[in-house]
Structures are given as structure tokens and as C-alpha cells.
Amino acid sequence: MRRFTALAAAVAGLASPAFADEAYRAEVRKWREEREARLKADGGWLTLAGLFWLEEGPNRFGTDPAGDIVLPEGSAPAKTGVFELKGDEVTVALQPGASGRIGGQPVSGAAAMRPDTSGSPDVLEMGTLTMNVIKRGDRYGIRLKDKASAVRRGFTGLEWFDIQEEYRVEARWVSHPQPKPVKVPNVLGQTESMPSPGYAEFTLGGKRLRLDGVLEDPHAEQLFFILRDQTSGKETYGAGRFLYADLPKAGKVVLDFNKAYSPPCAFTPYATCPLPPPQNWMPVRVEAGEMAYGKGH
């Protein structure tokens, strides 16, 4: 009987709110560790070291300060090569003595480079550097990453609000009959349209709130929320934060603000982050998720 009672007590403990709460906290802590690991990875945002908008025609690059695109000192030859923009096509050609790879293959002659908007951008690899083409509006640019960047080497770690289960909200999901275009501004001063399948309605801080969710591509498996709240510019990054959520089920969507995090622009001036649309500015303090980088350091 004692053994049965002990077993029953153990099973009851596993089902208790305290156990469920700790399991949830462990899951969020793991997610946060993975978030920081992605940020610090070889291709992570901390390696972003430059953004250069291309002019029509040849754009010369290398460590020569007189070049159109200046690479970090000592990272490549003075005259490394040329990116050429012709209409909506970009090619790269390397100078004799310079070497690089695209897709694991040595660059030979003029190699075409697909932009990030293709869904499968070509990446030029040269030592610690990588370069790829990005398209924003009608502009094409070169995104430079450096595994040895000063930002990456000096990174001191992320800080977070304490995990609070009340910031894991089950919201009512209101679908649009057809995806509705939502105007999303970015740090470049541009506005792009993103498809929104609907919006989330919920109560937080005693107020009824609404957030428009968007899809980053037609095959997206998560909703993307770009949001701002009353902690923005204080405890959290001024331009707002990002939050992803699984697609709605049975008219509900779970918004876990303990996983809200800062956009790349919080760490580098070379990112092209989207900004919260006005309807996603929340008139409450969301004391959950990632804090502004450098707070407390």
C-alpha cells in the first residue's frame, strides 16, 4: 500500500501546476539559449560588417580605401574584384591573385549572383568574409559578413526579463477571407507590403489588444509579428521587437511574449530591419522577452 501511495504521489506531482510551470520555464530557457547561439554563429547577425548599395555598372571591391566597396583591412587583396549591376542582374568577377567560392565552387570568370529575394541567394566566400546580394525595393546591395567582426568578438551576451507565464497568451485569431496586404516600413525609409492572413485579439495589462500577423513567404509555417510596446526605447530595443507564433488552430493562436526578441538592427547598423506598423504599437508595457542589448553591462 505504501509503495502504491508513493507512486500515486509521484504521478500527481508530474501532473501538478508546479511541474508544468517548471517544464514550461525549461522550454523557454532552451529557446533563449538557441536564440543566442544563432546570433553568435558563423553566419549570425553579429558577423554583419557592411552594407553597400550598388550603382549601375561596375562596383570595384577590395581593401583599397579608394574602392567602391571597402573590405576590412587585411581581409583580402587591395583590388579583389568587381560586382557589376546590369538592370536586375548582378555578377561578380575576381582579379588575378584573388580567390573565392560560390556554392563550394571556385569563382571563374563572371559569375551570376542571385539576390536574397530569390529564396536561394548565392554567397561569395573569401576567407573570413562572405558577401551576398540583397534587394530592397528597387535597390540592390552587397551584404558583407565577417566571422572576425569586432561586434562578434566583443559580444557580452543577451539579457532577458524573468520568465512569466502570464505573458504566454492564448489569443483569438480572426482570419481575413483573403490575405490582406499590410504596409510595413523599414529602417531604410521604405515601405513594403506583406501578406497578413489575419490578426490576434487578446487582453494584456487590463487592455484589449490586437496584433496583425504577417507571412514572410507563401510557404511560411509561422506567423510573424513586428511589435512595439511601452518598454520600447527603455528596457527594450527602441525600434520594437519580433515575435513568431505557430499558425492558428481552431481559431486560437498562442503568443508567447517571453520569446519576443530584438531585431538585427539592435546589434548592427548594417541590417535592413522591418519596423512595427502603427497598428502593432501596443499601449501597454510588455515586461517579457529580450531586453535592449547592453542593459546592465
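Key figures
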read-out: Too-long pairs where the Cα-Cα distance tops 23 Å, listed order kept, from LYS135/LYS183; LYS135/LYS259; LYS30/LYS180; value: LYS135/LYS259; LYS30/LYS180
read-out: Degrees separating the helix 2-14 axis from the principal Cα axis of the chain, which is the longest one; value: 50 degrees
read-out: Relative contact order computed over the chain (Cα-Cα under 8 Å; 6+ residues apart), in percent; value: 15 percent
read-out: Average Cα contact separation per residue, segment 11-161, under 8 Å, 6 or more apart, as relative contact order %; value: 20 percent
read-out: For segment 158-209 versus segment 71-117, the gap between their alpha-carbon centres in whole angstrom; value: 39 Å
read-out: Answer label, with semi-axes √(5λ) of the Cα gyration tensor in Å calculated from the coordinates and candidates (1) 23, 22, 20; (2) 29, 22, 21; (3) 42, 24, 18; value: (3)
read-out: Prolate/oblate/rounded label for segment 192-248 (Cα gyration tensor, a/c 1.5); value: oblate
read-out: Label-point separation, ALA150 to GLN190 (7 Å along Cα→Cβ), nm; value: 2.8 nm
read-out: GNM top mover of LYS86, LYS183, LYS259 - the chain, alpha-carbon springs below 10 Å; value: LYS86
read-out: Accessible area (Å², per residue) of segment 143-204, counting only protein heavy atoms and a probe of 1.4 Å; value: 55 Å²
read-out: Highest-MSF residue in the chain out of ARG228, ARG152, ARG38 [GNM, Cα springs under 10 Å]; value: ARG38
read-out: Length added when fully stretched, SER118-ALA220, from 0.36 nm per residue minus Cα-Cα; value: 35.2 nm
read-out: Between segment 123-156 and segment 231-284, the alpha-carbon center distance in angstrom; value: 23 Å
read-out: Protein accessible area in segment 105-156, 1.4 Å probe - carbon and sulfur %; value: 48 percent
read-out: Extension gain from ARG168 to GLU36, taking 0.36 nm per residue of separation minus the Cα-Cα distance; value: 45.5 nm
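The values are calculated or read from the model by the stated rules, or taken from the named source; none is laboratory data. Quick caveat: nothing in here was measured; it's all calculated off a predicted structure. Note that each Cβ is placed from the backbone with ideal geometry, even for glycine, and that neighbours are counted across all protein chains shown. These accessible areas exclude ligands, DNA and RNA; they are computed on the full protein's heavy atoms, side chains included. Shrake-Rupley method; radii C 1.70, N 1.55, O 1.52, S 1.80 Å.
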